[in-house]
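The values are calculated or read from the model by the stated rules, or taken from the named source; none is laboratory data. Everything numeric in this text was worked out from a predicted model, so none of it was measured. As a convention, Cβ positions derive from the backbone with ideal geometry for all residues, glycine included, and neighbour counts pool all protein chains shown.
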Amino acid sequence: MNDSQQILPFVDAHEIRQQARLIGFHQVGLARVDDSTAAIEARNAHLQHWLDQGYQADMAWMNNPKRQDITQVMPGVRSLICVALNYYTPHQHSSDTNHGKISRYGWGRDYHRVLQKKLKQLSEWLRSQHPDIQTRFYVDTGPVADKFWAQQAGLGWLAKNGNVITRKYGSWVFLGEILTNLELPSDRPHTEHCGTCTRCLEACPTEAIAAPFVVDANRCIAYHTIENREESLPAAIAQNLEGWVAGCDICQDVCPWNQRFATETDVADFQPYPDNLAPPLSELAALSDSEWNRRFPASALRRIKPVMWRRNAEAAQQSRSSQSS
Ligand code: B12
Ligand code: SF4
Ligand code: SF4
C-alpha cells in the first residue's frame, strides 16, 4: 500500500470543494499531476519559446526551471486544488485626463494577503484530516504556473489576452492553488472560448499581444508600470500609456466575456481604497516616500516604488499633453 492509498479514504473531493466554498473561494477545481503529463509538456514548450523570444523582459525569475516541473516545487506532489477569487467592483476609471488610471487588481487590499489567508485555512483543514497529508500553497508567490493549473482544473481558459477567463466572472479573478500529496480526481480541463474574437489584440495600444495567447512583456504597459525598475520608460510605452500608471486593464475591459459576466465581488477587502480610483497625475508625479506609505497600506501596489510612481505619472502627463497639443 502506498501513502496515497493510506490517505485517500480520509478526504473526498466533494468535502474539499465544500470546505473551499465555506472559506469563501468563488471557484475551486482539482488537477492531478499525472493526468496532466501531455499538457505540461505542451505548456513547457510554449513557455520555453516565450523565454527564448525574450518576452520575459527583465523578469529573470521566469527562467526558474522549477516553473516547468511542479515536482521540484514540492517533491511528492500528486494533485493541485486550484481556486479563483472574483475581485470585480462596478467602479469605473475616471475619464478626466488629469487623472491616472490604476488597474483593478490593485484597487483594494493586496490579493496575495487575501488569498493566502484563505488558502492557509483550507490547508490547515486539509492537514487536520490526516497526519500524512502534506500541503503547500501559492498565489503568484512561487514558481508555479497559476494560469496553466487553473485551466487544467477546469476553472477557466487561457485566453488570447494572456489571462484566464472564467464563465462565471470573466477574467476578474485572482488565482491560487494548494499543492498536496493527496491523489485527487481531476476535473476536466477547461475548453477555450475566444473563438474568432480578436478585440484584445486590436485594443492593445502597444501591440503587446505578439500573437493570440502570447504577451510580450517588453511591450506591455502592465510590465513597464509595475516591474520595470529603469529610470525612464521606453518611448513606445511612454507615448501610449493612455493614462495608465499602475498596470493596465485595456485587454480585459474590451473582452466580451468581461462585459457580459463581470459580477460584483462579495470580498469587502477588494473594495477600492478611495485614493486609488481617480488619483490626480500631478499628485503622483510628486509622490513622497511618506505619502506612498500612507496611500498604499497592505496593497499590491507597494511593488511600485515611489520613484516608479513619479516616473509613470510624469510619462502619463507628458503623453497626455503631447496628444492634446
Ligand atoms: C509573468 C506575469 C505577468 C507578466 C506577463 C503576462 C503574461 N500574460 O504572462 C506581466 C508583468 C506583463 C503581467 C501582467 C499582468 N498580470 Co500577471 N502574472 C505573471 C505570472 C507571474 C506568470 C505568468 C506566466 O507564466 N507567463 C509566462 C507565459 C509564457 O505564460 P502564459 O501566459 O501562461 O503563456 C501561455 C500561453 O502563451 C500559451 N501559448 C503560447 N503560445 C500558444 C499558442 C496557442 C495556439 C495556444 C493555445 C497557447 C499558447 O502557452 C503558454 C504557456 O502555458 C502570473 C502568476 C503565476 N505565478 O503564474 C501572474 C498573473 C498571470 N497575472 C495576473 C494579473 C492579474 C495580471 C494583470 C491583469 C495585472 C494588471 N491589471 O496590470 C496583467 C495582465 C497582462 C496580460 N495581458 O497578460 C493574474 C491573472 C489572473 C487571471 N485571471 O488570469 C496572475 C495569474 C496572478 C494571480 N495569481 O492571480 N503578468
Ligand atoms: S495589459 Fe495593456 S499593454 Fe498589456 S497586453 Fe493588455 S492591453 Fe496590452
Ligand atoms: S477579447 Fe476576445 S480574443 Fe481577447 S480574450 Fe476576450 S474573448 Fe478572447
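Assorted remarks:
- Residues of the stretch 58-71 satisfying the condition of being surrounded by 13 or more Cβ atoms within 10 Å (Cβ to Cβ) and free of Cβ contacts under 8 Å to residues at least 24 places away in the same chain: Met62, Asn63
- Number of the condition not met by Lys160 [criteria: (1) away from ligand 2 (no atom under 16 Å from the Cβ); (2) closer than 24 Å to Glu227 by Cα; (3) among the basic types (Lys, Arg)]: (1)
- Matching entry among Ile250, Ile226, Ile209, Ile237 (being more than 25 Å from Gln48 (Cβ to Cβ), within 9 Å of ligand 1 (Cβ to nearest atom) and of a type outside the set (Gly, Ala, Ser)): Ile250
- Taking the criterion of being surrounded by fewer than 20 Cβ atoms within 10 Å (Cβ to Cβ) and more than 8 Å from ligand 3 (Cβ to nearest atom), the residues of the stretch 204-217 that qualify are Pro205, Glu207, Ala210, Ala211, Phe213, Val214.
- Search result, residues across the stretch 288-325 that are assigned to a loop (DSSP other than H, G, I, E, B), buried (at least 21 other Cβ atoms within 10 Å of the Cβ) and aliphatic (A, V, I, L, M): Ile304
- Residue within the stretch 165-174 that is crowded, with 24+ Cβ neighbours inside 10 Å, touching a strand residue (DSSP E or B) at 6+ places or on another chain (Cβ under 7 Å), modelled with pLDDT of 95 or more and closer than 24 Å to Met74 by Cα present: no
- Candidates are the residues of the stretch 69-92 that are outside any strand (DSSP E or B) and within 18 Å of the chain's Cα centre (by Cα); the one that is nearest to Phe174 (Cα to Cα) is Tyr87.
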